[in-house]
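Asks: Mind looking over this structure? Questions follow.
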Amino acid sequence: MTDDLLGRHRSVLPDWLALYYEEPLEITHGEGRHVWDSEGNRYLDFFGGILTTMTAHALPEVTKAVAEQAGRIIHSSTLYLNRQMVELATRIAQLSGIPDARVFFTTSGTEANDTALLLATTYRRSNTVLAMRNSYHGRSFSAVGLTGNRGWSPTSLSPLQTLYVHGGVRTRGPYAPLGDDEFIAACVDDLKDLLGHTRPPAALIAEPVQGVGGFTSPPDGLYAAFREVLNAHGVLWISDEVQTGWGRTGDHFWGWQAHAQNGPPDIVTFAKGIGNGMSIGGVVARAEIMNCLDSNSISTFGGTQVTMAAGLANLTHLLEQDLQGNARRVGGLLIERLRAVAAQVPAVREVRGRGLMIGVELTKPGTDEADPRAASAVLEAARRGGLLIGKGGGHNTSALRIAPPLSLTVTEAEEGATILEHALRSLP
Ligand code: PMP
């Protein structure tokens, strides 16, 4: 970088604005599943700006929709009728699986979860909330109060009383040896125990697959089992689909559908991929819950015509091209390939996930001890090889996160897996 962008970044932006890589990247453009940096290097993108690139970089339909709408008017989203907002809300309400659904648009996942909390706490007249250990729900004052992942929860002061439930991670600790059914039963016992010792909570908020937490994979049916207990206590279920929505997990359009035996969640929150990089977040809830607020509440920039136009074009492409099916097929091949590599690299404890949401957990060989240094080393080596991936995890960021745009081809999956294999094999 010729103009010391990094130095200027450090001198004017907060220290806590995390950057990847010893020598941070400046991404200047993208196309399909590739991005380029300011020095002209090309990378296969297996992280998509933390899952914001849902379909492909520079998808022509999205670029065109944004340019056309921006050419007509760039405006706030409130006080006047907004055709694009009504259209996207209609599509999302239909896809949501929630009966009599209403949709509210925000600018981010954080604001979506904040809104879900506003609804749930008002509806239930309680500021006690259940969240999962190791969770991430955003960066606002209330969202960090739900975030069990200590690495991303920079204050212990919270307007909520939050109780944390087991169910995310079982790489290590007392839950590790349990089979799926036993694990679910143990987590349900833990939930019942919490409910027996607290004021009635408003809601349980959970990511079906924990994103920042390292793409953990709870057994199918865990949240259905939770739901039965929650229903008995009148507690709402908020499914945070910010990372798992839009077919990312291949088998399902929403992550909660792997846990659907007892019906859909009361509230779904979404963000990231739907705008393909444009800032769209939102909340879906049945009318009775959405309409429980007794005063006005608007978001000046939530659902502007430009972002809604991007969302509509992006969603149309996703559905027409069956990119969920592509995520299932190509993701399945990628998981298989990475599992074969894992069998030969002692540092890889587990390859988990589904669709194009794949976690690779690294431990010190022969132990259960998380190895965040190995994760950082693989991230650097993959970058040198021309591949961008993410990392995450619980108290230690010892998992690699793989979440390419959903249009990934088989050839690109193989190319990325080969680069990752070299990076993993280069570990000492
Ligand atoms: N929920 C989940 C599951 C997330 O992964 C994130 C972002 N990483 C958020 C909420 C917050 O979204 P945003 O950064 O758009 O505020």
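Asks: How big is the antiparallel share of DSSP beta bridges in the range 154-291, given as a percent to the nearest 5?
Replies: 35 percent
Asks: Residues with beta-carbon under 10 Å from that of I335, excluding I335: net charge, scoring Lys, Arg +1 and Asp, Glu -1?
Replies: +3
Asks: Separate question: Just subtract the alpha-carbon distance of T63 and T316 from 0.36 nm times their residue separation and send over the number in nm, one decimal.
Replies: So the chain would gain 89.7 nm between T63 and T316.
Asks: Further, regarding this structure: Sort R352, R286 so the one with the fewest other Cβ atoms within 10 Å of its own Cβ comes first.
Replies: Exposure proxy ranking, most exposed first: R286, R352.
Asks: Sticking with this structure for a sec: With a sphere of radius 12 Å drawn around the Cβ of L388, what net charge do the other residues whose Cβ falls strictly inside it have (Lys, Arg +1; Asp, Glu -1)?
Replies: Residues close to L388 contribute a combined charge of +3.
Asks: Kindly provide the helix-only [θ] at 222 nm of the chain, computed as the sum of -39,500 (n - 2.57) over DSSP H runs of four or more divided by all residues, to the nearest 500 deg cm²/dmol?
Replies: Result for the chain, helices only: -11500 deg cm²/dmol.
Asks: E380 to N231: extension gain in nm, 0.36 nm per residue of separation minus the Cα-Cα distance?
Replies: Difference between extended and current length: 49.0 nm.
Asks: Now a separate question. Neighbouring Cβ atoms within 10 Å as the yardstick, rank L388, L88, L333 fewest first.
Replies: Ascending number of Cβ neighbours within 10 Å: L333, L388, L88.
Asks: Between D3 and H75, what is the spin-label point distance in nm, taking each point 7 Å from the Cα along the Cα→C-beta axis?
Replies: Output for this residue pair reads 3.4 nm.
Asks: Next question. Which residue fluctuates the most in the chain, going by a Gaussian network model with Cα springs under 10 Å, if the choices are N276, N291, N127?
Replies: N291
Asks: Once you put a point 7 Å from the Cα of E415 and another 7 Å from the Cα of T367, both along the Cβ direction, what distance in nm separates them?
Replies: Here the answer is 3.8 nm between the modelled labels.
Asks: Defining a contact as two alpha carbons under 8 Å apart and six or more residues distant in sequence, what relative contact order in percent does the range 187-242 show?
Replies: That works out to 48 percent.
Asks: With springs connecting C-alpha atoms under 10 Å apart, model the chain as a Gaussian network and identify which of G353, G148, G263 has the largest mean-square fluctuation.
Replies: Greatest mean-square fluctuation among the candidates belongs to G263.
Asks: Can you tell me what share of the DSSP beta bridges in the chain is antiparallel? A percent to the nearest 5 is fine.
Replies: 65 percent
Asks: List, in the order given, every pair from K192/K391; K64/K272; K272/K391 whose Cα-Cα distance in the structure shown is over 24 Å.
Replies: K192/K391
Asks: Follow-up question, since we're still on this one. Which of rounded, prolate or oblate describes the range 175-314 when judged by the alpha-carbon gyration tensor and an a/c cut-off of 1.5?
Replies: Taking the square roots of the gyration eigenvalues as a ≥ b ≥ c, the range 175-314 is oblate.
Asks: May I pose another question? Sort Y20, Y80, Y123, Y223 so the one with the fewest other Cβ atoms within 10 Å of its own Cβ comes first.
Replies: Y80, Y20, Y123, Y223
Asks: Still on this structure: Any idea what diffusion coefficient the range 303-360 gets from Stokes-Einstein, in µm²/s, Kirkwood Rh on alpha carbon pairs, 37 °C, 0.692 mPa s?
Replies: 245 µm²/s
Asks: Would you give the gap between the C-alpha center of the range 352-401 and the C-alpha center of the range 56-124, rounded to a whole Å?
Replies: 33 Å
Asks: Hey, with R₀ at 25 Å, roughly what FRET efficiency would Q261 and R286 work out to, going by the Cβ-Cβ distance, to 0.05?
Replies: 0.85
Asks: Moving on to the next point. Relative contact order for the chain using alpha-carbon pairs under 8 Å, separation at least 6, rounded to a whole percent?
Replies: About 22 percent, as a whole number.
Asks: Whats the longest run of the chain with zero GluC sites (Glu not before Pro) that are DSSP loop and have at most 13 other Cβ atoms within 10 Å?
Replies: Within the chain, the longest run free of exposed GluC sites (Glu not before Pro) spans 40-368.
Asks: Just from the alpha-carbon atoms, what are the Rg and Dmax of the chain in angstroms?
Replies: When restricted to Cα atoms, the chain yields Rg and Dmax of 21.0, 62 Å.
A short reminder: the numbers here are calculations on the coordinates, not readings from a lab. Computed from a predicted model, the values in this text were never measured in an experiment. Quick reminder, even Gly has a Cβ in these numbers, built from the backbone with ideal geometry, and neighbours come from all protein chains shown.
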